[in-house]
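The values are calculated or read from the model by the stated rules, or taken from the named source; none is laboratory data. Source: prediction; values computed, not measured. Here Cβ is always computed from backbone atoms with ideal geometry, including for glycine, and neighbour counts include all displayed protein chains. We work out accessible area using only protein heavy atoms, side chains counted, and drop any ligands, DNA or RNA first. Shrake-Rupley method; radii C 1.70, N 1.55, O 1.52, S 1.80 Å.
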Amino acid sequence: MTNNTILVVDDELGIRELLSEILGDEGYNVALAENAEQARNYRSQTRPDLVLLDIWMPDTDGITLLKDWSNNGLLTMPVVMMSGHGTIDTAVEATRVGAVGYLEKPIPLQKLLNTVGQVMRGGKQQKSSSTLSLSNLGHSGLITDLRKKLEQVENLKIPVLLTGEPGVGVEHCARFLHRPNTAWVAPESCSFLADSPLAQLEQARGGLLFLGEIGDLSKLEQKGLLLLLGKLEQYGVRLVCATTRPLAELTAQGIYHPKLFEILSHLCITVPPLRAHREDVPEMANQLLSGWIESGEISLMHFSTAALNALRNYDWPGNLAQLTSIVHSLSLTCTGNEISVDAVQQALIFSSREAVSIVSDIPLNISLREARDIFEKNYFEKLIEQEGGNMTRVAERAGLERTHLYRKIKTLGIKPRGQNY
């Protein structure tokens, strides 16, 4: 028997009773709500392990309720949508907002049990708001415009290139373009492009392949990516690439393959840095905090108004990765029920400590790429030294995904001492 609780939200009495009986027989605790208001009231008092949510309800539709939970930091449990009149567009929208699955009525018994079992096995907190997604990055004009651009291109088949500073959340945008119930493939490195460039296409067949940094590709890897681009249609794969590097400059310098740049630049979307939409920071910080509270990792607490203002006024050179790291640190070290402005200011100072200049001693009689390599090598060696080899902290301070960091230091020939993963 299990202690997992499933909330069933459906305006049809017969559906509620049937699902309650089936799931109850499987050992689940079942809570019932006949409309969005009852579901909101239940969610405000406790957190279910799974929600089965009907899309079409008389008072508030399921998509709207899903968005409300997401915007208020309450989408910390997996939600599977249900509908007797569903379309693929509705499923796509629900997945973008945060749903983990979609069931079409009438729901076959085995399909229901398989879906519930998979979600439960996948973890009780598949969509925790302690991990930000595009659906909860705020409501500023910049983020609203970003969502509109992604919606406009979501049904196109051509590759998408996402550009932006390290840590801005390009993977959130890629996942926004991912269609439900299809493959999502995001290899940790692009080295496969040199050895077997088509290796990931079969795995991603019919779905989306995300390459997290294509600005550092070797000449051989660039040729492999060109070959892969020519096979996308054959495998039905949507390719989304991302880079923090200026590909136009690299192409002009002869470092990047011009044909590859031409293809990738056909559809390019820039993800704004956090400082450009800092008005969203207080809401994002509250959502992160709510996620860790809901998961039971921290006790009930909140930010003071002054603390939120301090977070908003910071420049965030590490973008979303840095914001997540700082809010997490503040939540773990807070001794009361309020995170003060003093605590925030100390955390921000600590985050930017020892901002040592390492620009000097770079000769001017070398190419820009060589100068950049010297700078990056010195930069990462200094961070690794300051963090005692803790690569998680190095990644947070640099505003990079850990897999990108490992690839970067390997390319630069850095061998961290006493790595702590």
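Among the residues of segment 172-199, which ones are under 22 Å from R402 (Cα atoms), out of contact with any helix residue (DSSP H, G or I) (no Cβ under 6 Å at 6 or more places or on another chain), open to solvent by 30 Å² or more (accessible area, probe 1.4 Å) and in a helix (DSSP H, G or I)?
If the condition is that a residue be under 22 Å from R402 (Cα atoms), out of contact with any helix residue (DSSP H, G or I) (no Cβ under 6 Å at 6 or more places or on another chain), open to solvent by 30 Å² or more (accessible area, probe 1.4 Å) and in a helix (DSSP H, G or I), then R175 is the only one that fits.
Of everything in segment 67-102 that's of a type in the set (S, T, N, Q) and modelled with pLDDT of 75 or more, which residue is surrounded by the most Cβ atoms within 10 Å (Cβ to Cβ)?
Looking at the filtered set, the residue picked out is T76.
For segment 103-110, check the following and say yes or no: at least one residue is assigned to a strand (DSSP E or B), at pLDDT 75 or above and surrounded by 15 or more Cβ atoms within 10 Å (Cβ to Cβ).
There is at least one residue in segment 103-110 that is assigned to a strand (DSSP E or B), at pLDDT 75 or above and surrounded by 15 or more Cβ atoms within 10 Å (Cβ to Cβ).
Which members of segment 276-291 meet the condition of being open to solvent by 20 Å² or more (accessible area, probe 1.4 Å) and either touching a Phe, Trp or Tyr at 6+ places or on another chain (Cβ under 6 Å) or modelled with pLDDT under 85 (or both)? It would help to see each step written out before you state the result.
First, pick out the residues of segment 276-291 that are open to solvent by 20 Å² or more (accessible area, probe 1.4 Å): 276, 278-279, 282-283, 286, 290.
The one that is open to solvent by 20 Å² or more (accessible area, probe 1.4 Å) and either touching a Phe, Trp or Tyr at 6+ places or on another chain (Cβ under 6 Å) or modelled with pLDDT under 85 (or both): S290.
Inside segment 200-210, can you point out the residues that are open to solvent by less than 20 Å² (accessible area, probe 1.4 Å) and in contact with a helix residue (DSSP H, G or I) (Cβ under 8 Å, 6 or more places away or on another chain)?
Keep residues of segment 200-210 that are open to solvent by less than 20 Å² (accessible area, probe 1.4 Å), which gives 201, 204, 207-210.
L201, A204, L208, L209, F210, listed by residue number.
Within the group L267, L239, which residue is in contact with a Pro (Cβ under 8 Å, 6 or more places away or on another chain), touching a residue at least 24 places away in the same chain (Cβ under 8 Å) and surrounded by fewer than 16 Cβ atoms within 10 Å (Cβ to Cβ)?
Numbers: L239 fails: surrounded by fewer than 16 Cβ atoms within 10 Å (Cβ to Cβ).
Going through L267, L239 in turn, the sole match is L267.
Could you look through segment 13-51, keep only residues that are among the charged types (D, E, K, R) and surrounded by fewer than 15 Cβ atoms within 10 Å (Cβ to Cβ), and pick out the one that is nearest to M82 (Cα to Cα)?
Just the residues of segment 13-51 that are among the charged types (D, E, K, R), to begin with: 16-17, 21, 25-26, 34, 37, 40, 43, 47, 49.
Then drop every residue that is not surrounded by fewer than 15 Cβ atoms within 10 Å (Cβ to Cβ), which leaves 17, 21, 25, 37.
Numbers: E17: 15, E21: 17, D25: 20, E37: 18 Å.
The extreme case among them is E17.
Quick grid of which residues meet (1) over 24 Å from G207 (Cα atoms); (2) free of Cβ contacts under 8 Å to residues at least 60 places away in the same chain:
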{"residue": "G224", "(1), (2)": "no, yes"}
{"residue": "P258", "(1), (2)": "yes, yes"}
{"residue": "I263", "(1), (2)": "no, no"}
{"residue": "E294", "(1), (2)": "yes, no"}
{"residue": "S299", "(1), (2)": "yes, yes"}
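Any residue that is within 25 Å of L211 (Cα to Cα), assigned to a loop (DSSP other than H, G, I, E, B) and modelled with pLDDT of 75 or more - is there at least one of those in segment 401-412?
yes
Go through (1) modelled with pLDDT of 85 or more; (2) assigned to a helix (DSSP H, G or I) one by one and return the number of the condition S135 breaks.
Status for S135: all satisfied but (1).
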